[in-house]
Amino acid sequence: MMSINNDGMKKCRHYLIKSIKFNSILGKIDLVHLIIIILGIILFIFVVFPVLKVFSYPSIEDYIYILSKSRSLRAIKNSLFITLISTSTATFIGFIYAYTMRYTNVPGKKFFKFISLLPLLSPPFVVALAWILLFGRRGLITYELFKTHWSIFGWKGLWLVQSIAFFPYSYLIIDGVLKEIDPSLEYAAENAGANGFYVFRTITLPLALPGILNAIILVGIYVLADFGNPIVIAGSWPVLPTEIFGRISGYYDLVGATGLAAVLLIPTFGLFMLNRTMLGGKSFVTITGKGTGLEKPLITGTVKWILFGFCLFIILIIISVYGILLIGSFTTTWGIDWSFSLNHWYILFGTKSRSLYNSIIYALFAGGGAAVFSLFATYFIYGKVFIGKKILDFLVILPAAIPGIFLGVGFLLAFNNPPLLLTGTSLIIIFGLMVWNIPLGYQACTANFEQITSEIEEGAINLGANSLQVFKDIIFPLLKSPFLAGFIMGFLRSITNLSIVIFLISPGNNTATAEMLSLIQYAELGPAIAICIALFGIALLVIGITQLFLGTGMAVFTKGGL
Amino acid sequence: MKRLLLVLLLLGLFLGLVSIAAGSAEKVLIYAALDSPTLEAIAKEFTKSTGIDVEWVLGGAGEMAVRIRAEKSRPQADVFIGGSIDVHGDLAKDGLLAKISPENAEALAPQYKDPEGRYFGWYLGLLGLVLNTDMLKEEMEGVMPPKTWDDLLEPEWEGKVVSSSPATSGGAYIFIATQIFRFEKLAPYFGFKGDAIREEAEKAAWNWFRDFNKNVDLYTAKATEPITLTVQGEYVVGMSWAHDILVSVEKGLPVVLIVPPYTGFEIGGVSAIEGAPHPEIAEKFVNFVLSEKSQEINATVGAKRYPTLPGVVSPPNSPDVKSVVLVEYDRAWAIENRSRLLDKWEEVIAK
């Protein structure tokens, strides 16, 4: 089967090259430039066009109207405030976590690392409901255990929930930087008589600073765009993403919603540009010089156990949140009647299985498409020199700055007219998710691509290989691992996405996350939790398979970038 | 090993393509703002009697309305079902709904249908209160359950009440209008006449909301969330739709439904979308929703709402619709003043 495919590919390529040669108009354009043009067209259609569509939907008067609303102004202020505090705590927790995992020999590190993955895989909404059950006014932990009447609703609760939800991102980024710090510097300082904290303050922390800044920026983008947590936890304390949704569901006002979506893009885009100009757009800052093979100087004594206690506290919260969900999917009525029941799973596999199946398929296509596109973009955009390269490079990475809710609305507005009729099909969902995931794959591939010396490529070309052959025989094998990482990361993010798909689903093309939301809307919590657990199971299964076949299950997250 | 992974992947992609290509049989595409048990039952019955498949997207009424608006140039669905006729009326005004004349609509009373035949009311839903009886005993010993809307203003209810936000929920907006129309009944007794009646009623309603706001701890995004939170014991009493509350009552959970006098209500709408992909089937489906069979399903399955067709069974366990005191709901005024009242609410509450 493989050989037939290869033969077929060769023939196709043969004819493709031939037809290009004989085409008089395209006569002067070689294959490389043709591919660059195709990539450029794809980017303009699926990135630039939807963004422009959103910006141009409201008129100037509409913008003035929506921005004169006191509620809009409150949402903007609240968004900036919660982003500031949640990002700070998430980065702080992430740093402590990364430091503990790198600089101590606390027991159960593998377990700690595994648990910290869970928030990265979680579908929105339902997890926030688990927080209420545990930490609400009558919460199992806040009330039953500690007898307090603390209420999770409002900005304080949102702060707590977002800190836990987003710290894993900063953990992974900072961990990547700590890993690269040459331990011999730290040893040298210690040998010169510096105490542990002095070494930390003067060497480790300054060297980790680029990673910390990077984590702050990326987590900031995630918090700004977060919709699932505030819609459940924040009550009538509006933030921008929930206010956009409110304009739609309470005012039936798409114009106002797009106006606010355009406003939301300003701070996320600002952070994104900061990341690009300040840190060169890399998720991971690699300090030159390979590791010396030295072990990190380990922290011991009281400090070690304080760090351990801190991390333990964090994962106990995570375990209780996800544990209560798992239990919830097997009980009669979540929070009231804890008797065993498979009822929710019957409902899931009875009437909701189609959506679950759709979700898997869409995520496979979106993840695969994003990985393939990133691979091509790495070689033909990042790896070549041509006029307009900077623009295309920028466009490939731009979707990282676009909040899901913005992208969803943009696709809905952009692709409902000929010649690009996509609404009502599953293709629009796949393309939307694909575009959203391209920056990840691209970042992973370009980071590895830098390590491929151009001599290998030039050598191959001198020996008579054409660009496509170089791409297939040299570039692809060398980039296989970031390619797969991009694919799997894209799959995981797609299958748990709600903010994009909510605007693009159509009758017959429903997804599991959208189904989950509608169940919650009509107070059918049980089946919604079962869907959440099923999505979780699929995500863990995929990571497990990756681990089994490639030996790099968890590494997907670091390789895939963020 | 790796080859196996590749084969699995290709298999997955192949199945995906098949699923995308499949399904060209006759069908009706629906945007629904409805609980899924009710919709599933109606769809099943429709397929049984006509052989036509039903496919749907389920969401809030506002989201569905916005979808219909955004897809104006090329509608993606045939029928819009559920959600108050306010939402349908808003779409009809801009020419987004088709004029049809389903024969079952003839039996409907005039207040349940658009004179131009663009939307039809197929159920009646009441606003009510959900009360957690266990929590009342535990947290508020000796306090009587609320019987009227005004009981909720008593100081002992401070922090025990949950409602939903009109900024995100259609039901919560109807609740605001309901209070205005309730005070309108009283205004004449204080000597107000003509236009002053509504003006004074509105003022009184905002004062009422200022007091109500003192006791409300949380305004949720969705109309049904207060039920979930009251059931879980987070709050003692919540404002929501009576039919959705009854679902929890019938499950045997420790909650009861209270329908205070002078309550507001929604008329649930169904309409065919202008320029729909399957216009004839759309009309057929709307006609089916207005049939006795479907009205009976509406009253007995899922969230049980009152039918609008005369002579159909009332939902079991619900208060008799004749015994419930409704406000005189001026729907046209409520729709017209929507944006203004929502802004005013924001000003009054600002929590």
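None of the figures in this text is laboratory data; all of them are computed from the coordinates on show. Not measured: the values here are computed from a predicted model. When we count neighbours, we look across all protein chains shown, and the Cβ atoms used for this are built from the backbone with ideal geometry, even at glycine.
Under the definition of partner shielding as Cβ atoms of other protein chains within 10 Å of a residue Cβ, what is the mean value for peptide B:63-76? Partner Cβ neighbours, averaged per residue: 6. When each of A:L140, A:L433, B:L136 is scored by the number of other beta-carbon atoms lying within 10 Å, the sequence from fewest to most is A:L140, B:L136, A:L433.
If only the Cβ of Lys and Arg carry +1 and only the Cβ of Asp and Glu carry -1, the dipole of the protein assembly as shown around its Cα centre is close to 2880 debye. Helices from chain B with mean Kyte-Doolittle at least 0.0 and a Cα length along the axis of 27 Å or more, per DSSP H: which? Span-like helices here: B:2-21. Once R0 is set to 41 Å, what does the formula 1/(1 + (r/R0)^6) return for the Cβ-Cβ distance between B:D211 and A:E144, expressed as a FRET efficiency to the nearest 0.05? Computed FRET efficiency for B:D211 and A:E144 comes out at 0.80. Calculated on the Cα set of the protein assembly as shown, radius of gyration then Dmax: 29.2, 100 Å.
For the stretch B:236-339, applying the loop criterion from DSSP together with a ceiling of 12 other beta carbons within 10 Å to the GluC sites (Glu not before Pro) yields B:E328. The mean number of partner chain beta-carbon atoms within 10 angstrom of a residue's beta-carbon across peptide B:224-235 is 6.
Applying 1/(1 + (r/R0)^6) with r as the Cβ-Cβ distance of B:S323 and B:D195 and R0 = 41 angstrom yields a FRET efficiency of 0.80. Counting only whole DSSP H helices of chain A, the ones at least 24 Å long by C-alpha along their axis and with mean Kyte-Doolittle hydropathy no lower than -1.0 are A:2-22, A:70-103, A:155-180, A:205-225, A:254-279, A:301-328, A:353-377, A:426-449, A:525-550.
Each stretch of four or more DSSP H residues adds -39500 (n - 2.57); spread over every residue of chain B, this sum gives -13500 deg cm²/dmol at 222 nm. Spatially, the stretch A:310-338 and the stretch A:373-447 are offset by 37 Å when compared through their Cα centroids. Within the stretch B:179-278, the trypsin sites (Lys or Arg not before Pro) that combine a DSSP coil assignment with at most 11 other C-beta atoms in a 10 angstrom radius are B:K193. Calculate the length of the line joining the C-alpha centroid of the stretch A:146-187 to that of the stretch B:212-291, in whole Å. When both Cα centres are located, 39 Å separates them.
Among the GluC sites (Glu not before Pro) found in the stretch B:106-193, those both in a DSSP coil and sparsely packed, with 15 or fewer other Cβ atoms within 10 Å of their Cβ, are B:E116, B:E141, B:E158.
Adding -39500 (n - 2.57) for every DSSP H run of four residues or longer, then dividing by how many residues chain A holds, sets the calculated 222 nm ellipticity at -22500 deg cm²/dmol. Averaged over the residues of A:146-154, the number of partner chain Cβ atoms lying within 10 Å of the residue Cβ comes to 2.
In a fully extended conformation the segment linking B:E116 and B:T300 would gain 63.2 nm over its present Cα-Cα distance, using 0.36 nm per residue. From the P(r) of the stretch A:332-406, can you give the percent of Cα pairs sitting at distances over 16 Å? Within the stretch A:332-406, distances greater than 16 Å cover 70 percent of Cα pairs. Taking a virtual spin label 7 Å from the Cα of A:F92 along the C-beta vector, which residues in the stretch A:223-251 bring their backbone nitrogen under 20 Å of it? Those under the cut-off are A:223-224. Here chain A is scanned for GluC sites (Glu not before Pro) in DSSP loops (not H, G, I, E, B) that have at most 16 other Cβ atoms within 10 Å, and the longest stretch holding none of them is A:1-294.
Extent along the principal axes, Cα only, for the stretch B:193-351: 48, 42, 33 Å, with the longest axis given first. Between A:L421 and A:L34, the contour length at 0.36 nm per residue exceeds the Cα-Cα span by 136.8 nm. As a length-normalised measure over Cα pairs under 8 Å and 6 or more apart, the relative contact order of the stretch A:337-562 settles at 33 percent. With the charge dipole of the protein assembly as shown set up from +1 on Lys and Arg Cβ and -1 on Asp and Glu Cβ about the Cα centre, the Cα lying farthest toward the positive end among the listed residues A:P527, A:V396, A:G220 is that of A:V396. Spin-label pair B:E154-B:K137: with each label point 7 Å from Cα along the Cα-Cβ axis, the two points sit 1.8 nm from one another.
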